[in-house]
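The values are calculated or read from the model by the stated rules, or taken from the named source; none is laboratory data. Values in this document were obtained by computation on a predicted structure and should not be read as measured data. A quick note on method: Cβ atoms are made from the backbone with ideal geometry, for glycine too, and the neighbour counts reach across all protein chains shown. Calculation scope for accessible area: heavy atoms of the full protein, side chains included, ligands and nucleic acids excluded. Shrake-Rupley method; radii C 1.70, N 1.55, O 1.52, S 1.80 Å.
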Number of protein chains: 2
Amino acid sequence: MTVLILTCRQDVTADLVVAELRELGVPLVRFDPADLPDRAALSTEYDRGDFTGYLSTGGRLVSIQGLRSIWVRRPGRPAAHAANASEWLTAECGQALYGMLYATTARWMNHPGAAEPARHKPFQLRVAQRSGFAVPSTLVTTYPRAAHDFAVRCADIVVKSASGPPSVDPPVSLPTTRIGPDTDFSDVAAGATLLQRYVPKRADIRLICVGQEVFAARKTAAAGQVDGRFGCHGHRWEAVEAPAGILHSVHTYMALTGLAYGAFDFAEDADGVWWFLECNQGGQFGFVELETGQPIAAAIASWLAAPHTVRPPHGASPVDGPEDRPAVGRPRLRREQPH
Amino acid sequence: MTVLILTCRQDVTADLVVAELRELGVPLVRFDPADLPDRAALSTEYDRGDFTGYLSTGGRLVSIQGLRSIWVRRPGRPAAHAANASEWLTAECGQALYGMLYATTARWMNHPGAAEPARHKPFQLRVAQRSGFAVPSTLVTTYPRAAHDFAVRCADIVVKSASGPPSVDPPVSLPTTRIGPDTDFSDVAAGATLLQRYVPKRADIRLICVGQEVFAARKTAAAGQVDGRFGCHGHRWEAVEAPAGILHSVHTYMALTGLAYGAFDFAEDADGVWWFLECNQGGQFGFVELETGQPIAAAIASWLAAPHTVRPPHGASPVDGPEDRPAVGRPRLRREQPH
């Protein structure tokens, strides 16, 4: 039973997990969908109710029936490296590859059907509320007046991008920026804007959840620092124990979203409260492992290598066998009771 | 409780459903995400565990809390009509809109997390096999030799696109084309190719499933006709009763994929067998309704208008209340037993 890792060649973080899988003696294939069809090949056949499939890359041939799990790390766009690359070739090769992979019974970290909603920050904030996290007051709006009123009410806010910086060359950074109520909000009408109450923080927290395992790291913040990703200030990431309430909320969040992997960011305030900022379903863990020594790559490898017997997180269907995969992709938010 | 219809202005098929909803007296808002942020506005606020949201379009203001259901018909790309349109503006407005909508408890037809895998033809073929449909032998491959061997084995095959025709200007059509084993398959190496055993058909079948309701239509095929979409030959669509076995398979297919709407295509052979060709999760129904008089738009309107009490298709989770939504987005294919 083979582990399939979908990622690009430049992804050095995946190397950590590859090394752990080799240590475990688990067969694996690392594959970049961008290599289709020039440097990789596939074939799927449907005949009399049967289904067989093969993927060939780097001199390895893997049977789709023998797939244990699929790790969606940093895959390139299908056929992006092809000599005759085009949008249509990408669409055709994407159909062939993902259509084949969806049809397997392999476990996914993360299934694209679960990852799609989970990528949306406004959705993350709502799931975080339902999971019991402390969530800073947040406004996502195209109304300058609403933005102004929110800024006045909170007095001290930050503005940040929901989707990240634009893909431009040369690359630009778009750090979370602190602003006040006297800001001119008229440009809010030109694009949806995410505003959030500023949380004065004494530390940044990055928490990685891998299946049921949780690894948390803490980095002391410089005075007045807003965006922990920018500005070197001499502090380093250190392993930290996640409080029991946080652990409970993390597991609830993962169950509600159907994710197998999540990278949570929190701001720790002066009272020690961890304020939920976001959960990146594909967020980095390498820097946490390197600085704290926590065995995150080993946990990912163990999850990927685990035998094919996962119970659905919310109770099995009567028609499901024990080897069925959990149903994910759609959150299980409950309709609130009227007050 | 309002129905939200996500579609572009040119979508006349949606008009049929709008008229039915008006007939039912159900409030609705029709909205094209491309209109953000110039001709439509939104605002979502998260405060102390609460979540409120509004969407404003065409002079209507709808509360997100009051959303009954969301119909994803033919939505434009977010902010595509904006004066300052860009990839980044699309990403930011998409985050704001879909992040807000995913956070609601509305029912979806279809939820994007379920639609994403269901769009892949090779996945459809596997689900169809597991649902008990007759599926013609099919090969999806980048191996010229495999394509050649398949053609020899089947003797008579068709080639078709998995993703549809390329988006080019002027538009091109890409009809399913019948080929023989003497074809030169060397170009298969340049792009994944879908080959299928040719089913000599006496009729095309289009079957629309809306929740639990099924509408089937049949059109007699001209002698030797391959692709029912091309070539006018005097036959019209007529309502037809779907056999009990087909109904059972349709409901299984919908449950496995988590879809609320699906447009199935079959080829009916000389023995009356309906061969599964594909299930388009967003396929057209308007021509079937217009030619056969079947009340499909009314069925869609009823589904969208139904009260907010849907049971998960495969048994409720212990933590779910009766008003929870079904968990979808990931198929429930079972691992097969070894022979």
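Exactly one residue out of A:195, A:207, A:247 is of a type in the set (A, V, I, L, M, F, W, C) and under 20 Å from residue A:179 (Cα atoms): that is A:195.
Check segment A:221-243 and report whether any residue there is of a type in the set (D, E, K, R), in contact with a helix residue (DSSP H, G or I) (Cβ under 9 Å, 6 or more places away or on another chain), open to solvent by 20 Å² or more (accessible area, probe 1.4 Å) and more than 23 Å from residue A:155 (Cβ to Cβ). Checking segment A:221-243: at least one residue is of a type in the set (D, E, K, R), in contact with a helix residue (DSSP H, G or I) (Cβ under 9 Å, 6 or more places away or on another chain), open to solvent by 20 Å² or more (accessible area, probe 1.4 Å) and more than 23 Å from residue A:155 (Cβ to Cβ).
When the test is whether a residue is among the aliphatic types (A, V, I, L, M) and closer than 26 Å to residue A:15 by Cα, residue A:273 does not pass it. Of the residues making up segment B:243-259, those that are over 16 Å from residue A:49 (Cβ atoms) and either charged (D, E, K, R) or within 12 Å of chain A (Cβ to nearest Cβ) (or both) are B:255, B:257, B:258, B:259. With respect to (1) surrounded by fewer than 20 Cβ atoms within 10 Å (Cβ to Cβ); (2) assigned to a helix (DSSP H, G or I); (3) touching a residue at least 24 places away in the same chain (Cβ under 8 Å), the lone exception for residue A:278 is condition (2). Within this structure, residue A:70 fails the test of being at pLDDT below 95, open to solvent by less than 20 Å² (accessible area, probe 1.4 Å) and aliphatic (A, V, I, L, M). Picking from residues in segment B:177-221 that are within 14 Å of chain A (Cβ to nearest Cβ) and in a loop (DSSP other than H, G, I, E, B), the one that is farthest from residue B:109 (Cα to Cα) is B:185.
Flag set for residue B:268, criterion: among the charged types (D, E, K, R) and surrounded by 18 or more Cβ atoms within 10 Å (Cβ to Cβ). Any residue in segment A:147-157 that is open to solvent by 10 Å² or more (accessible area, probe 1.4 Å) and either at the interface with another protein chain (Cβ under 7 Å from one of its Cβ atoms) or in a strand (DSSP E or B) (or both)? The answer is no, given that none of the residues of segment A:147-157 is open to solvent by 10 Å² or more (accessible area, probe 1.4 Å) and either at the interface with another protein chain (Cβ under 7 Å from one of its Cβ atoms) or in a strand (DSSP E or B) (or both). Restricting attention to segment B:162-176, the residues being farther than 30 Å from residue B:301 by Cα, surrounded by fewer than 20 Cβ atoms within 10 Å (Cβ to Cβ) and within 13 Å of chain A (Cβ to nearest Cβ) number 8.
Selection over segment A:1-22 of residues that are open to solvent by 50 Å² or more (accessible area, probe 1.4 Å) and assigned to a loop (DSSP other than H, G, I, E, B) gives a count of 3. Checking the structure you have, find out if any residue of segment B:83-92 is touching a strand residue (DSSP E or B) at 6+ places or on another chain (Cβ under 9 Å), open to solvent by less than 50 Å² (accessible area, probe 1.4 Å) and not assigned by TED's automatic domain parsing to the domain that holds residue B:281. Looking through segment B:83-92, at least one residue is touching a strand residue (DSSP E or B) at 6+ places or on another chain (Cβ under 9 Å), open to solvent by less than 50 Å² (accessible area, probe 1.4 Å) and not assigned by TED's automatic domain parsing to the domain that holds residue B:281. The set of residues in segment A:108-153 that are among the aliphatic types (A, V, I, L, M) and within 30 Å of residue A:68 (Cβ to Cβ) comprises A:109, A:114, A:115, A:118, A:127.
In segment B:23-51, the qualifying residues are those that are within 10 Å of chain A (Cβ to nearest Cβ), part of a strand (DSSP E or B) and open to solvent by 10 Å² or more (accessible area, probe 1.4 Å), and the one that is farthest from residue B:299 (Cα to Cα) is B:47. Scanning segment B:82-139 for residues that are of a type in the set (D, E, K, R) and either in contact with a helix residue (DSSP H, G or I) (Cβ under 6 Å, 6 or more places away or on another chain) or at the interface with chain A (Cβ under 7 Å from one of its Cβ atoms) (or both) yields B:87, B:92, B:116, B:121, B:126.
Restricting segment A:113-143 to residues that are outside any helix (DSSP H, G or I) and under 25 Å from residue B:258 (Cα atoms), the residue that is most open to solvent (accessible area, probe 1.4 Å) is A:119.
For residue B:54, the stated conditions hold: it is assigned to a strand (DSSP E or B), open to solvent by 20 Å² or more (accessible area, probe 1.4 Å) and free of Cβ contacts under 8 Å to residues at least 24 places away in the same chain.
Taken across segment A:244-266, residues that are assigned to a strand (DSSP E or B) and either without any contact (Cβ under 8 Å) to a residue 40 or more places away in the chain or more than 28 Å from residue A:16 (Cα to Cα) (or both) do not occur at all. Looking at residue A:76, is it under 19 Å from residue B:142 (Cβ atoms) and at the interface with another protein chain (Cβ under 10 Å from one of its Cβ atoms)? Taking the combined requirement at face value, the residue does not satisfy it.
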